[in-house]
Amino acid sequence: MKIGNIEFGKYPLFLAPMEDVTDPAFRLLCKQFGADMVYSEFVSADALIRNIEKTERKLIIHEAERPVVIQLYGREPEPIAEAAKKAAEAKPDIIDLNFGCPVKKVAGKGGGAGLLKDIPKLLEITKTVVKSVNIPVTVKTRLGWDESSKIITSLAEQIQDCGAQALAIHGRTRAQMYTGEADWTLIGEVKANPHIHIPIIGNGDVTTPQRAKECFETYGVDAVMIGRGSIGRPWIFEEIKYFLENGDEMGLKPFSWYLKILKRHITENIEWLGEHRGITHSRRHLAASPLFKGIDHFKPTRIAMLRAETKDELFEILDGIEGKFELK
Ligand SMILES: Cc1cc2nc3c(=O)[nH]c(=O)nc-3n(C[C@H](O)[C@H](O)[C@H](O)COP(=O)(O)O)c2cc1C
């Protein structure tokens with residue numbers, strides 16, 4: 001499958017955009033473990049055109065992470081188009097439009113998934129941004145606003161007609177936020193629609209190689225996008241790739257192998273953000289990592305790990321875990 005001129009092999013795996021998670025260091029890690037495309041955290045169009053420095057930093061990309069997508073969110077066509085032009089100067093491979101963010105501060109103000117309540121505007125934004133840049137524009141959205149308005153099947157065609165070159169669908173409604181299970185049946189219906197010719201990227205709850213394979217085979221999607229399953233586990237892409245290629249699981253590596261990756265990530269976060277912010281930024285990955293799940297009597301160590309304030313303190317705790325506990 002292709003998005004614009006970007007060619008992907010069989011079974012592409014994409015790293016989902018995640019605020020406060022998919023910064024350049026994490027994207028590069030995921031890329032090195034086999035992610036076929038990586039997305040930035042969402043970038044506020046309004047903040048970008050107001051030249052807010054913190055927002056501009058989100059446009060920093062590295063050659064090694066290509067193909068890389070910058071995702072924008074906003075409420076009105078013109079400001080988003082203006083922001084898209086600015087984002088395009090950072091030379092991403094694709095600009096993605098966020099019509100799926102459910103949080104109140106975004107959707108409640110008419111951005112992100114809020115646009116699922118104003119389809120004409122959602123389409124106008126897509127059309128305007130497509131016209132404003134000369135790189136592919138893609139869209140990421142949800143099934144609909146709520147249970148009674150799962151409009152994705154017709155919306156997908158409309159989005160395609162606006163010139164979007166791929167569509168990522170998270171199999172939940174806005175009302176569901178992150179609760180319940182992602183429903184892939186409608187994603188499969190969109191993909192099976194003979195009028196749809198743009199790539200369909202399926203997203204939601206893929207956390208195992210087996211589930212990724214099922215999503216490709218049962219729902220026929222062109223790519224699978226992985227979000228939470230990668231937090232504290234950037235090697236998930238390698239595990240899935242191995243399973244898709246060989247039909248069996250990769251097998252566990254020594255604890256030290258995984259630990260080294262997490263330590264490298266923490267070190268890069270510190271280089272990027274300074275010691276204090278680098279460590280607090282890493283905590284979400286440490287808290288979510290499967291590396292520390294199922295370890296007997298781990299609670300006090302876990303608390304200490306998530307409270308450590310300096311790199312030395314944190315690494316001493318992490319090094320102490322090795323050998324003391326058995327990996328399950
Ligand atoms: C911490 C976090 C931040 C997120 N930030 C974004 C974002 O910036 N843009 C976006 O389109 N989706 C965002 N999402 C949604 C994910 O991209 C994805 O659609 C969702 O988590 C479902 O996929 P998963 O089950 O693989 O995590 C975020 C999700 C999480 C958990």
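The values are calculated or read from the model by the stated rules, or taken from the named source; none is laboratory data. Owing to the predicted nature of the structure, the values given are computational and were not obtained by experimental measurement. Don't worry about glycine lacking a Cβ; one is built from the backbone with ideal geometry, like all the others, and counts go over all protein chains shown.
Report, by residue number, each residue of the range 96-154 that is under 15 Å from residue 198 (Cβ atoms) and of a type in the set (Asp, Glu).
Result: 96, single match.
Which helices (runs of 4 or more DSSP H) does the range 11-107 wholly contain that include 1 or more residues that are of a type in the set (Gly, Ala, Ser) and more than 11 Å from the chain's Cα centre (by Cα)?
In the range 11-107, 24-32, 45-49, 77-89, 104-107 are the helices (runs of 4 or more DSSP H) which contain 1 or more residues that are of a type in the set (Gly, Ala, Ser) and more than 11 Å from the chain's Cα centre (by Cα).
What residue, of 144, 227, 163, is crowded, with 19+ Cβ neighbours inside 10 Å, in contact (Cβ under 8 Å) with a residue 24 or more places away in the chain and at positive phi?
That would be 144, the only listed residue that is crowded, with 19+ Cβ neighbours inside 10 Å, in contact (Cβ under 8 Å) with a residue 24 or more places away in the chain and at positive phi.
Could you look through the range 162-218, keep only residues that are within 12 Å of the ligand (Cβ to nearest atom) and small (Gly, Ala, Ser), and pick out the one that is nearest to residue 241 (Cα to Cα)?
Going through the qualifying residues, I end up with 212.
Based on this model, can you work out whether residue 43 counts as within 14 Å of the ligand (Cβ to nearest atom) and either more than 21 Å from residue 15 (Cα to Cα) or modelled with pLDDT of 95 or more (or both)?
yes
For the range 7-40: of the residues being over 22 Å from residue 211 (Cβ atoms) and surrounded by 18 or more Cβ atoms within 10 Å (Cβ to Cβ), which is farthest from the ligand (Cβ to nearest atom)?
Once the filter is applied, the top-ranked residue is 28.
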